[in-house]
Amino acid sequence: MGRVVEPGQPQWLPEDVDLALEWAAEQSVRHNGCGHPLDETTDITADERQGRYRVRKLRCWACYETEKAAAEAAASTTSDRYGLIFVAELRDDVERAEVAGDN
């Protein structure tokens, strides 16, 4: 997908810039929590919006492990927890069947 930039050609074409600016504008009005447009989800004059959304519960296992490690560090009295950053990385050494029961 995309094009090969030859020597002497611009990295970004005018239409690339337009598309990037359009995407950035769309992202700037999205709620960080749910990803829906803020003007749609927070319109206080639109009472009909209440009940309009269905919610599905999903679990992000990367966030689960990250938040679990952060909570354990926060609860520890011996851990120097300041400045810690918790990063989830997919493990190659664990088969899916081994962790399937850990819901």
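The values are calculated or read from the model by the stated rules, or taken from the named source; none is laboratory data. In this text, all values refer to a predicted model and were calculated from it rather than measured experimentally. Using ideal geometry, Cβ is built from the backbone for each residue, glycine included, and neighbour counts are taken over all protein chains shown.
Residue pairs whose Cβ atoms lie under 6 Å apart, separated by 6 or more positions or on different chains, with the first residue in the stretch 11-28 and touching a residue at least 40 places away in the same chain (Cβ under 8 Å) and the second surrounded by 10 or more Cβ atoms within 10 Å (Cβ to Cβ) and among the β-branched types (Val, Ile, Thr), do not occur. Scanning the stretch 54-79 for residues that are modelled with pLDDT under 75 and exposed (fewer than 11 other Cβ atoms within 10 Å of the Cβ) yields one hit, 78. If the condition is being among the aliphatic types (A, V, I, L, M), modelled with pLDDT of 90 or more and surrounded by 10 or more Cβ atoms within 10 Å (Cβ to Cβ), then the stretch 6-33 contributes 13, 17, 19, 20, 21.
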